[in-house]
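Worksheet for the structure shown next.
The values are calculated or read from the model by the stated rules, or taken from the named source; none is laboratory data. Worth saying up front: this structure is predicted, and the values here are computed from it rather than measured. Positions of Cβ are backbone-derived with ideal geometry, glycine not excepted, and every protein chain shown enters the neighbour counts.
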């Protein structure tokens, strides 16, 4: 092997898949290895007892490519969307919400502005005809914090996991806001490990968030 080829960095390929697709993912991984690259499969790369999420995050940060097996059952797997968002993602709060929360989110954003907190909200920032994907990417890259409004419906939606993964992949702070009666065990695992705010009036919730951000500054 020549000196030049021996110094060529190993190409890393992350394979995102659901449980039922494990066999297919392993065949793809074998072909990737045959081409001289290194695949990442959670079953092969993560030891028993290891920090599952941390190992995934570290490999995604180093990966050159992401392969996603988007089968019908994979679409219901939150981690597929988180991994996709984290790979896609690679200093102001950005607010993620479902359409049913649009009025509350707008009032909340206005209340944050009144408290001196700069906010990115699609209702304020995206003009008619503008690319939603590009605007969202710009908003995430320029933000320090992702504030995500959780309800029983939004907690199951792929776009929540995608935005969450993108924010995590960019190293952003994530602050979930959940209804008072919401069962926290229904939160995605990545959100259950973080301190969340209980949703109150837009003004009171904005006051609590502004105070938390001021402490962390």
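If you go through the range 98-141 and keep only what is assigned to a loop (DSSP other than H, G, I, E, B) and either at pLDDT below 80 or outside the structural domain of residue 181 (by TED's automatic domain parsing) (or both), you end up with 98, 126, 127, 128, 129, 130, 131.
Contact map, the range 168-191: first residue outside the structural domain of residue 140 (by TED's automatic domain parsing) and part of a helix (DSSP H, G or I), second residue at pLDDT 85 or above and surrounded by fewer than 18 Cβ atoms within 10 Å (Cβ to Cβ), Cβ cut-off under 7 Å, separation 6 or more or different chains; the map is empty.
Here is the figure for the range 14-27: residues that are within 11 Å of residue 68 (Cα to Cα) and modelled with pLDDT of 85 or more total 1.
Matching residues to (1) more than 12 Å from the chain's Cα centre (by Cα); (2) surrounded by fewer than 20 Cβ atoms within 10 Å (Cβ to Cβ); (3) farther than 25 Å from residue 215 by Cβ:
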residue	(1), (2), (3)
150	yes, no, no
158	no, yes, yes
164	no, no, no
169	no, no, yes
179	yes, yes, no
186	yes, yes, yes
189	no, yes, yes
196	yes, yes, no
199	yes, no, no
